[in-house]
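Asker: The structure's right below; bear with me while I get my questions together.
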Amino acid sequence: MSTWMDVDVVVIGGGPAGVNAAIAAGRQGARTVLIERYGFIGGMTTAALVYPWMTFHTLEGKQVIKGIAQEIVDRLMARGASPGHLRDTVGFVRTITPFHPEAYKVLVLDMFKEAGVKLILHSFVDEVRTKDERIESVILTGKSGRIEVKGKIFVDTSGDADVANLAGAPCLQGRDRDQLTQPMTMKFRMRGVNLAKVKQYMLEHPNEFYEKTPFDELADLPLTGILGFYKHWQEANLPINRDQVLCFTGPEDDEVLVNTTRVQGLDGTNVEDLTEAEEQGRKQVMMVADFMRKSLPGFENATISQVGAQIGVRETRRIDGQYTLQVDDVLSGRRFHDCVARSGYPIDIHDPSGKGVKAAWVRGDGAYDIPYRCLLPKNLSNLLVAGRCISTSHEALATTRLSPSCMATGQAAGTAAGLSVQHGAPPGDLDIHLLKQRLREQGALLE
């Protein structure tokens with residue numbers, strides 16, 4: 001095994017958090033490498049078809065996430081690969097942001113080159129070497145054999161707190177009483193959907209759809225999402241522990257992304273459980289697609305156009321960090337002196353064992369703060385985390401796990417990593433006012 005590189009910042013995981021972390025660190029002048037296990041960028045967004053991005057705004061329509069995340073949307077719009085922020089016709093949030101995943105994969109590569117970020121694909125971190133509560137290097141396994149990558153600052157955006165866990169940082173998983181996590185979902189796309197017919201059916205049968213659907217405006221809005229078909233789902237009596245159909249339109253005019261399968265009781269950090277989840281999820285895809293084609297108005301000629309490269313994972317490990325964001329912090333819209341990101345997404349817990357989804361909305365101005373301390377693990381001085389594995393309770397994770405929130409914490413972690421290199425200080429010793437100033441200069445919204 002050889003040392004292939006020695007850099008300033010090592011980012012592990014190329015999902016929404018890792019993408020924004022790497023770009024932010026690179027833009028600070030840090031020699032940055034991003035390591036990703038797949039042959040493409042995007043994490044759950046692309047590998048598991050997590051689509052659309054939800055949400056950049058509060059329920060009242062105030063934008064609370066910008067920065068690099070908004071830049072990505074703007075540049076996708078310029079390429080004709082996103083319509084930008086549209087009204088959510090499900091009614092769960094104010095806006096959603098459709099995008100073309102293949103265009104996103106390519107755009108990110110361009111942004112990496114502009115920021116001087118080196119990308120290493122097809123590589124899996126399976127060992128972390130530490131000394132005196134510092135990470136010295138990570139070990140990659142891939143086609144080139146085992147490679148050691150040394151760095152000054154490390155950013156764990158693996159989604160599963162893999163690096164933090166391997167390095168010995170304390171981690172939590174699932175809900176407190178039984179460690180069960182939110183269910184996994186195998187998502188899939190269908191083409192050949194008559195969306196005009198679907199919309200007309202919704203307008204004629206509003207009682208069969210989610211109560212927050214904006215029916216008074218729906219006739220004049222582009223259809224972006226559908227939640228309901230309650231009667232059809234109940235009559236089908238499929239062996240899936242869910243109570244409705246959920247799908248989102250696009251990216252093509254006759255296409256939907258279906259988010260309806262549900263795999264419960266399995267651990268996304270256990271390879272045997274993941275294998276079982278993949279099998280269950282793909283069988284459920286065939287079952288749900290057949291039901292939709294046979295039973296739902298507008299889906300008569302629909303066919304499966306894509307299934308996720310892997311099952312979508314909502315929740316696994318998260319760090320037990322210097323501060324743990326609580327559900328009351330979210331729902332009260334609590335402000336923190338060390339806020340480095342905000343979010344307006346509600347609590348959205350897919351029941352680990354039951355059928356439903358538990359939801360609760362943010363009070364106050366509709367947004368809450370994510371403090372910098374949630375990105376800092378205990379016992380490791382040169383590690384930051386971002387995305388799904390920041391320090392939260394099980395309930396608070398149900399909002400911070402969403403892609404725009406992950407983008408925002410990713411930018412914060414990457415900026416902090418770059419500043420740490422510049423000032424020769426560990427992330428925990430950074431001047432929070434300097435970090436917040438730099439984030440604002442990059443367009444982040446912290447008020």
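Just so it is clear, none of the values below were taken in a lab; they were calculated from the coordinates. Bear in mind the structure is a predicted one, so any value in this text is a computation, not a measurement. Cβ: placed from backbone, ideal geometry, glycine included. Neighbour counts: every protein chain shown.
Asker: Expressed as a whole number of Å, what is the distance separating the alpha-carbon centroids of segment 215-266 and segment 337-388?
Answerer: Distance between centres, Cα-based: 25 Å.
Asker: Now for a different question. Between segment 45-68 and segment 130-190, what is the separation of their alpha carbon centroids in Å?
Answerer: 24 Å
Asker: By the scheme Lys and Arg +1, Asp and Glu -1, what is the net charge of all other residues having a beta-carbon under 13 Å from that of Pro222?
Answerer: -2
Asker: Then there is this: Do any GluC sites (Glu not before Pro) in segment 1-73 lie in a loop, going by DSSP, with at most 16 other beta-carbon atoms within 10 Å of their beta carbon, and if so which?
Answerer: When the GluC sites (Glu not before Pro) of segment 1-73 are filtered for loop state and at most 16 Cβ neighbours within 10 Å, Glu60 remain.
Asker: Another one. What is the packing order of peptides 427-439, 210-222, taking the mean over residues of other C-beta atoms within 10 Å and listing the highest first?
Answerer: For the peptides 427-439, 210-222, the packing ranking is 427-439, 210-222.
Asker: Kindly write out, for segment 385-397 in residue order, the coupling ³J(HN,Hα) from the Karplus curve 6.51 cos²θ - 1.76 cosθ + 1.60 (θ = phi - 60°), rounded to whole Hz, with x marking Gly and Pro.
Answerer: Each residue's phi maps through the Karplus curve to give 10, 8, x, 5, 9, 5, 7, 9, 6, 4, 6, 5, 4 Hz.
Asker: Kindly provide the trypsin sites (Lys or Arg not before Pro) of segment 74-173 that DSSP labels as loop, not H, G, I, E or B, and whose Cβ sees at most 16 other Cβ atoms within 10 Å.
Answerer: Arg79, Lys143
Asker: Follow-up. What spacing in nm lies between the two simple spin-label points modelled at Glu300 and Gln200, each 7 Å away from Cα in the Cβ direction?
Answerer: Output for this residue pair reads 1.1 nm.
Asker: If the elastic network links every pair of Cα atoms under 10 Å, which of Val125, Val106, Val245 fluctuates the most in the Gaussian network model of the chain?
Answerer: Per the Cα network of the chain with a 10 Å cutoff, Val106 tops the list.
Asker: Still on this structure, please answer the following. Taking the number of other C-beta atoms within 10 Å as the exposure measure, put Arg293, Arg401 in order starting with the fewest.
Answerer: Ranking Arg293, Arg401 by Cβ neighbours within 10 Å, fewest first, gives Arg293, Arg401.
Asker: Could you check what % of the DSSP bridge pairs in the chain are antiparallel, to the nearest 5?
Answerer: 70 percent
Asker: Cα to Cα, under 18 Å, and not fewer than 8 places away if on the same chain: which lysines meet these conditions relative to Lys283?
Answerer: Lys187, Lys294
Asker: In terms of Cα to Cα distance under 29 Å, which lysines are near enough to Lys62, apart from those fewer than 8 places away along the same chain?
Answerer: Within the straight-line cut-off, Lys62 pairs with Lys105, Lys199, Lys212, Lys358, Lys436.
Asker: Right, something else. Angle between the Cα long axis of helix 16-27 and the longest principal axis of the chain, 0 to 90 degrees, nearest 10?
Answerer: Compared with the principal axis, the helix lies near 40 degrees.
Asker: Now for a separate question. Return the label of the correct value of mean projected area of the Cα convex hull in nm², as calculated from the structure shown, out of [x] 36.5; [y] 19.6; [z] 21.6.
Answerer: Computed from these coordinates, mean projected area of the Cα convex hull in nm² corresponds to label [y].
Asker: At 0.36 nm per residue, and after removing the present C-alpha to C-alpha distance, how many nm does the segment from His122 to Glu252 gain when stretched out fully?
Answerer: Extending this stretch completely gives an extra 43.9 nm.
Asker: Pop out the ³J(HN,Hα) list for segment 48-53 in order, Karplus 6.51 cos²θ - 1.76 cosθ + 1.60 with θ = phi - 60°, rounded to Hz; leave Gly and Pro as x.
Answerer: 10, 6, 6, 8, x, 7
Asker: Would you kindly state how much longer the chain becomes between Asp220 and Asp6 on full extension, computed as 0.36 nm times their sequence separation minus their alpha carbon distance, in nm to one decimal?
Answerer: Taking 0.36 nm per residue and subtracting the Cα distance, the gain is 71.5 nm.
Asker: What distance in nm lies between label points placed 7 Å from Cα along the C-beta direction at Glu211 and Glu235?
Answerer: Spacing of the two 7 Å Cα→Cβ label points: 2.4 nm.
Asker: Something else now. Label-point separation (nm) for Ile432 and His337, each offset 7 Å from Cα along Cα-to-Cβ?
Answerer: 0.6 nm
Asker: Run the helix sum for the chain: -39,500 (n - 2.57) per DSSP H stretch of 4+ residues, divided by residue count, reported at 222 nm to the nearest 500 deg cm²/dmol.
Answerer: -9000 deg cm²/dmol
Asker: Check Ser332: other-chain or 5+ apart residues with amide H under 5 Å from its amide H, H built from backbone geometry?
Answerer: The list, which skips near neighbours in sequence, is Arg363.
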